[in-house]
Every structure is written in C-alpha cells, then in structure tokens.
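To keep things clear, I will list the structure first and then write my remarks on it.
The values are calculated or read from the model by the stated rules, or taken from the named source; none is laboratory data. The structure displayed is predicted, hence computed values, not measured ones. Methodologically, a virtual Cβ is constructed for each residue, glycine included, from the backbone with ideal geometry; neighbour enumeration extends over all protein chains shown.
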Amino acid sequence: MALAVSAGAAPSHAQTLADRYAPIVALKVATSPPCDTGGEQYDPSAVEIVLDRPQIVLQGPAPRRGAERPETRGPTAADLYGKGADWNLDFPGSPFEPGCTYARDASGIGQGMPPVAYAHIVA
C-alpha cells in the first residue's frame, strides 16, 4: 500500500503508519476468468474505474413518502464527495442473482489498471 509521495521526499508520518499496518493480501489467481469461482474474480482497484460510467448509478437515501430517491448516473468524484453511509453505488446486475455479471463487468472496466489499496488514517 502506498500513499502518493514526491520523488526524493521523506515519507510522511501517515505513509510510515500506512506501511507499518498495511495488510498482507494474497489473491488466488483464477484459472479461467472471469467467471471462475475457484479464484479471486476481482482485483483491488482504484475508485476511478467506476467514475463517469453511465452504467453505474449513485443512489441516495431512501426517500420519504411521495419523494423520489436521488440518483446520479455516471457519478464523478465531485458527486461522491461528502456523501454518507446512506449513499451507495449501484452496479448493473442483481446481487440476489449475480450470475457472472459483476465478474464480467469488473474484468472489462479495470483492464490494464494496476491493483490499488487505500488507507484512511484518522488522527
């Protein structure tokens, strides 16, 4: 896990802390992706893979009677900023009957992007 550090700059306290407590992650390679359930179907990925994609919908909290649930198709980073736990990203397909929809979408969306892990440090 790495936070952005300028070349030649000393690591910040946050970087040192993130490095010290970074989890060790081992992913089992799928032998016949994307729908092979014997291996990991998803790589750790950057949030950018879901931004500005019209098939992804940012959904707001459940509405009160008569109101519509707020939604934004193809959300941007600005759309996500400051949203609480009552907001979610809705991906194509059904979580109740996923089949291989999520795995197929994930394999196409993140193509060529390096795996990423994030650290959120609270002082």
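Output the residue which, of all residues in region 11-37 that are over 30 Å from residue 122 (Cβ atoms) and of a type in the set (Gly, Ala, Ser), is modelled with the lowest pLDDT. If we take residues in region 11-37 being over 30 Å from residue 122 (Cβ atoms) and of a type in the set (Gly, Ala, Ser), then 30 is modelled with the lowest pLDDT.
Of all residues in region 62-83 being among the aliphatic types (A, V, I, L, M) and either assigned to a loop (DSSP other than H, G, I, E, B) or in contact with a helix residue (DSSP H, G or I) (Cβ under 9 Å, 6 or more places away or on another chain) (or both), which is farthest from residue 46 (Cα to Cα)? Talk me through it step by step, then tell me what you get.
The initial filter retains those residues of region 62-83 that are among the aliphatic types (A, V, I, L, M), namely 62, 67, 77-78, 80.
After this cut, where a residue has to be either assigned to a loop (DSSP other than H, G, I, E, B) or in contact with a helix residue (DSSP H, G or I) (Cβ under 9 Å, 6 or more places away or on another chain) (or both) as well, the list is 62, 67, 77, 80.
Numbers: 62: 27, 67: 33, 77: 12, 80: 14 Å.
Step by step, filter region 62-83, then rank; the result is 67.
Could you list all residues from region 84-97 that are within 15 Å of the chain's Cα centre (by Cα) and either in a loop (DSSP other than H, G, I, E, B) or among the β-branched types (Val, Ile, Thr) (or both)?
We begin by selecting, within region 84-97, every residue within 15 Å of the chain's Cα centre (by Cα); these are 85, 87-92.
Correct list: 85, 87, 91, 92.
Counting only residues that are within 26 Å of residue 22 (Cα to Cα) and touching a Leu at 6+ places or on another chain (Cβ under 9 Å), region 90-117 holds 1 of them. Taking the numbered list (1) at positive phi; (2) at pLDDT 80 or above in turn, residue 8 passes all entries but (2).
Within region 98-121, residues that are in a helix (DSSP H, G or I) have Cβ atoms under 9 Å from residues that are charged (D, E, K, R) in these pairs: 103/36; 106/43; 109/53, counting only partners at least 6 apart in sequence or on another chain.
Here's a check for you: in region 8-66, which residue that is among the basic types (Lys, Arg) and within 27 Å of residue 88 (Cβ to Cβ) is surrounded by the most Cβ atoms within 10 Å (Cβ to Cβ)?
53
Within region 92-104, the set of residues being under 18 Å from residue 33 (Cβ atoms) and touching a helix residue (DSSP H, G or I) at 6+ places or on another chain (Cβ under 8 Å) comprises just one member, 93.
Against the test of being aromatic (Phe, Trp, Tyr), within 30 Å of residue 12 (Cβ to Cβ), at pLDDT below 90 and surrounded by 10 or more Cβ atoms within 10 Å (Cβ to Cβ), the options 118, 102 yield a single qualifying residue, 118. On the stretch given as region 67-76, residues that are surrounded by 10 or more Cβ atoms within 10 Å (Cβ to Cβ) and either under 10 Å from residue 87 (Cα atoms) or not basic (Lys, Arg) (or both) total 6.
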